[in-house]
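The structure appears below as structure tokens.
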Amino acid sequence: MKNLKEKVSLVVLALVYIVVSFRYFPGNIAKTGIETLLEIFTVAPMAGGATLLLVSFLQRTSGEKVPWDRSVRLYLTIGLMVEIVFGVYHYLSVG
């Protein structure tokens, strides 16, 4: 049962990441999609690099390889933090 709980929480975390990355432009679905994808691709290198450093640090300190689902969970968590900061910045700069 624990394995199912971890899978569900990973999917929920991924959905929250997508919701936070969503950039809405009323009446313009194409621009909404393009800006959302652009936002995800803009944040991906930063979150990926931070995840790579953190996973490397964790592997060196523990001496064990970090499982892939933990690495993805770390990526999504770091990505969420960056997206929230960018979202607030974009929200305040547009108005």
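What follows draws every value from the coordinates through simple rules; no lab data is involved. Fair warning: this is a prediction, and the values are worked out from it, not measured in the lab. Every residue, glycine as well, gets a Cβ built from its backbone with ideal geometry; the counts of neighbours run over all protein chains shown.
For region 8-24, the set of residues classified as in contact with an Asp or Glu (Cβ under 8 Å, 6 or more places away or on another chain) and more than 20 Å from E39 (Cβ to Cβ) consists of L10 only. Yes or no: F41 part of a helix (DSSP H, G or I), of a type in the set (F, W, Y) and out of contact with any strand residue (DSSP E or B) (no Cβ under 8 Å at 6 or more places or on another chain)? Answer is yes for this residue.
Scanning region 51-69 for residues that are touching a helix residue (DSSP H, G or I) at 6+ places or on another chain (Cβ under 8 Å) and either loosely packed, with under 14 Cβ neighbours inside 10 Å or free of Cβ contacts under 8 Å to residues at least 12 places away in the same chain (or both) turns up K65, V66, D69. Screening region 10-37 for residues that are in contact (Cβ under 8 Å) with a residue 24 or more places away in the chain and not aromatic (F, W, Y) and picking the one that is surrounded by the most Cβ atoms within 10 Å (Cβ to Cβ) gives S21. Quick check, is V43 surrounded by fewer than 14 Cβ atoms within 10 Å (Cβ to Cβ), within 16 Å of T77 (Cβ to Cβ) and hydrophobic (A, V, I, L, M, F, W, C)? Here the answer is no, as V43 does not meet what is asked.
Yes or no, residue by residue, for (1) more than 15 Å from the chain's Cα centre (by Cα); (2) closer than 22 Å to V11 by Cα; (3) of a type outside the set (S, T, Y):
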{"position": "L53", "(1), (2), (3)": "yes, no, yes"}
{"position": "S56", "(1), (2), (3)": "yes, no, no"}
{"position": "E64", "(1), (2), (3)": "yes, no, yes"}
{"position": "L76", "(1), (2), (3)": "no, yes, yes"}
{"position": "G79", "(1), (2), (3)": "no, yes, yes"}
{"position": "E83", "(1), (2), (3)": "no, yes, yes"}
{"position": "S93", "(1), (2), (3)": "yes, no, no"}
